[in-house]
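To start, the structure under review is shown below, and the notes come after it.
The values are calculated or read from the model by the stated rules, or taken from the named source; none is laboratory data. Since the model is a prediction, treat every value here as computed from it, not as a measurement. Cβ sites come from the backbone with ideal geometry, for glycine too, and all protein chains shown count toward neighbours. Accessible surface is based on the protein model in full, side chains and every heavy atom, while ligands, DNA and RNA are left aside. Shrake-Rupley method; radii C 1.70, N 1.55, O 1.52, S 1.80 Å.
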Amino acid sequence: MNPRSLRWLILAVILAFGSRQVKAQTGSSSATSPPAQASGQSSMAQPSSTESNQPAAGTNVDFRSRNAFPNPFAPYSEPVVPATSLSNSSLLQSLTQNGKVELSLTDALDLAIQNNLDIAVARYNLPLAQADYLRTRGGGAARGVSGEQLSSAIFAGAIGGGTGAGSSGSTGGAGGFSGGGGATNTGSNGCCDPFFGVNFGWDHRYTPLGNLIVSGVPEVITQNTSYTAFFGQGFFTGTSYTIAGSGFRQSTTAQNSLFNPEVPLGVTIGVNQHLLQGFGYRANAANLREAKNGLRIADSTFRLQVMTTAAQVLNLYYTLLSDKEQVRVQQEAVNYSAKLLSDNKKQVEIGTLAPIEVVRAESEQATDQQNLVVAETTYREDQEKLKTAISKHVEPALAEAEIDVTDKLPEPQPGDVPPLEEALKLAGENRPEIVQADLNLRNFEIAVQSVRNRLLPTLDAFATYAPTGLSGNQVLCNGPIDPTTGRPTTIPCLIPGGVSQSFTQVLHSKFPDYSFGLNLTIPIRNRTAQADAATALLQQRQQQAAVQRQINQVQQDVRNAEIAVTQAKAQIDAAAKATELARQTLDAEQKKFKLGESTTLNVILTERDLNTAEGNEVKARSAYAQALVQYETATGTLLDRNNIQFANAKSGQVHRVPNIPGTPVNSSQP
């Protein structure tokens, strides 16, 4: 093989490995796949062996690397992160009118999406996950996000150390000026961002000599100007390359130099490939694959936070509705006792009733007024809780305003809760905790694959091509043949030369240097790798049990929620009948009292029974509403059933979709 063919062959190998790496990183970016779930688990988590290389769909926070074009300084400047807005949304301001906030359930949920600080804090996990993904694309180690578990066995050093390591340039001396024959190993470069560097140096030196034989003068003055440039990159395949160019210009006062000044140039092209340990995408891209899972875990964690906050707001809203009804019930009790007191006073005045009955009626009225005050203050206290949940901060206008909840407590419907099997299926498909547990299991599986590769010996193949050139002003030329030695003599002459001649020699490979070789390192006992492999397997087995534990917990949550709904329905039926009985009993007792066949005490007691029955009915309806929230949370359907768009939660802006009767709900899944 001639030198030029070998040179082009090495360049082709570099390009081939580079294109292979690009395909490995981006080839599957157009494909999407659902989160794989733990194998060997129940029907709530169906196994999937296909791993998605696509970041989580719907992540609308853009945190990517900035290109160097057209601004070459962009990659080296601090990223722009907008400041946190602590102002309440305009929707809250528009609903606050004349010292009152007329609040529907939809408005309360929309305000929570826009203003709730728990959601605002959790929203930052999305760009944090993208920053982590960006870091691993550059070869750094995954730092993990909230809800993500990473295997400690995957880190050869400290967390954050990165993928791979190696020299940042050629170890063999660019241009081959290190002298000597044999293979030149350019080293293995870390993955994955390319690097570029330049070196420049200048030297002026006086050197005394002890003879005139070598240089022809007793002292030599040399002046050197050196320059080096190098470029390289490593890939997830275990491949790396380095291209380095160097040269210098040296002038001297020595009389026996062939070139003065002399201008050597050299180029070194080196390729290194791991063949055993460190070979392949699975061995090197573990952090990148985990960071991709981290994007989906961040989505799932954020979805869980939105569900938790929405459930909190729903319960607070239903509690306010219950408080409002309790105020109404207590107000009716006060009205009953006031009317009773008025009637008793009239009867005392005409002499048909003992004065003690007036005192008894006054005592009952005072008790009812006290209960009314307790109900009103409870109503105001729960309003403050809801104000905090739907605002970033309680402004003075909001603090002074009264919340008027305009919806009603839900009535039991036959289709509120599906059969248990269907509910369990819904929970398996929608609960974020199952998605997180399964993605964490996949992280441990990735760690097992990566650490398994570390058990192998290290075998690296490398190849270099290093042409050189040497030129300058030639001050000595070949003269006549010396008959005694048979070699040409040197005579003074001046043939000009310089960088262009030296560069031409490099391009034409006049003085080439080809090398290739293998590096083999065999750890004798390999205890560190054995311990890491055992750790990764143990953590994987532990996470498998944790996934099943999470599935069991979800199933238990669904069963408990269905029981709570059933009990709440029965409570409503019993409370409604008790209220009707108490109302009819009071009506009959009042009629008997007017006819003189009953006493004030009996009327007061029946009024208390009605008040208690109405209060119990309100509590039962509130318990039913909260049981529905518990069921929706247990099955993971709370966002869909309350028309909460997940995309709106991510952006913090609410874009309402017209509610056209008969159209299906457009749910937003992460």
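Some points to look at:
- Figure legend. Inter-residue proximity from the range 517-546: first residues under 27 Å from residue 438 (Cβ atoms) and in contact (Cβ under 8 Å) with a residue 12 or more places away in the chain, second residues of a type in the set (Lys, Arg) and open to solvent by less than 60 Å² (accessible area, probe 1.4 Å), beta-carbon distance below 7 Å, spacing 6+ or different chains. Indicated pairs: 532/454.
- For residue 377, the requirement of being among the hydroxyl-bearing types (Ser, Thr, Tyr), assigned to a loop (DSSP other than H, G, I, E, B) and either loosely packed, with under 15 Cβ neighbours inside 10 Å or on the phi < 0 side of the Ramachandran plot (or both) is not met.
- Residues in the range 91-106 that are small (Gly, Ala, Ser) and loosely packed, with under 13 Cβ neighbours inside 10 Å: 94, 99.
- Condition check for residue 617: closer than 17 Å to residue 371 by Cβ and in contact with a Phe, Trp or Tyr (Cβ under 6 Å, 6 or more places away or on another chain): no
A quick yes/no check of all residues on (1) over 30 Å from residue 599 (Cβ atoms); (2) buried (at least 19 other Cβ atoms within 10 Å of the Cβ); (3) out of contact with any helix residue (DSSP H, G or I) (no Cβ under 6 Å at 6 or more places or on another chain):
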| residue | (1), (2), (3) |
| --- | --- |
| 314 | yes, yes, no |
| 330 | no, yes, no |
| 342 | no, no, yes |
| 354 | no, no, yes |
| 384 | yes, no, yes |
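- Test result for residue 262, among the charged types (D, E, K, R) and either surrounded by 18 or more Cβ atoms within 10 Å (Cβ to Cβ) or at pLDDT 90 or above (or both): yes
One line per residue, one yes/no per condition, for (1) open to solvent by 30 Å² or more (accessible area, probe 1.4 Å); (2) at pLDDT below 90:
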site	(1), (2)
254	no, yes
279	yes, no
287	no, no
291	no, no
294	no, no
299	no, no
323	no, no
337	no, yes
347	yes, yes
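Per-residue answers, yes or no, for (1) free of Cβ contacts under 8 Å to residues at least 24 places away in the same chain; (2) assigned to a helix (DSSP H, G or I); (3) in contact with a Leu (Cβ under 6 Å, 6 or more places away or on another chain); (4) over 30 Å from residue 280 (Cβ atoms):
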position	(1), (2), (3), (4)
394	yes, no, no, yes
403	no, no, yes, yes
417	no, no, no, yes
422	yes, yes, no, yes
428	no, yes, no, yes
442	no, yes, no, no
447	no, yes, no, no
470	no, no, no, yes
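- Just one of the listed residues (509, 500) is assigned to a loop (DSSP other than H, G, I, E, B) and at pLDDT below 90, namely 509.
- Those residues of the range 213-249 which are open to solvent by 10 Å² or more (accessible area, probe 1.4 Å), among the aromatic types (Phe, Trp, Tyr) and within 30 Å of residue 280 (Cα to Cα), in sequence order: 230, 231, 235, 241
- Considering the range 132-148, and only residues there that are among the small types (Gly, Ala, Ser) and closer than 18 Å to residue 300 by Cβ, the residue that is most open to solvent (accessible area, probe 1.4 Å) turns out to be 146.
- Within the range 338-362, residues that are part of a loop (DSSP other than H, G, I, E, B) reach partners that are open to solvent by less than 80 Å² (accessible area, probe 1.4 Å) with beta carbons closer than 7 Å, at six or more positions or on different chains, in the pairs 353/344; 353/347; 355/348.
- Residue within the range 387-406 that is in contact with an Asp or Glu (Cβ under 6 Å, 6 or more places away or on another chain) and either open to solvent by less than 70 Å² (accessible area, probe 1.4 Å) or among the aromatic types (Phe, Trp, Tyr) (or both) present: yes
- Residues that are open to solvent by 50 Å² or more (accessible area, probe 1.4 Å) and of a type in the set (A, V, I, L, M, F, W, C) within the range 535-564 comprise 537, 538, 545, 563, listed in sequence order.
Rundown of residues vs (1) touching a helix residue (DSSP H, G or I) at 6+ places or on another chain (Cβ under 8 Å); (2) not aliphatic (A, V, I, L, M), yes/no style:
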site	(1), (2)
217	no, no
221	no, no
226	no, yes
234	no, yes
238	yes, yes
247	yes, yes
255	no, yes
262	no, yes
265	yes, no
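- Boolean, residue 567 is assigned to a helix (DSSP H, G or I), open to solvent by 70 Å² or more (accessible area, probe 1.4 Å) and not hydroxyl-bearing (Ser, Thr, Tyr): yes
- Only one of 494, 476, 459, 538 that is modelled with pLDDT of 90 or more and in a strand (DSSP E or B): 459
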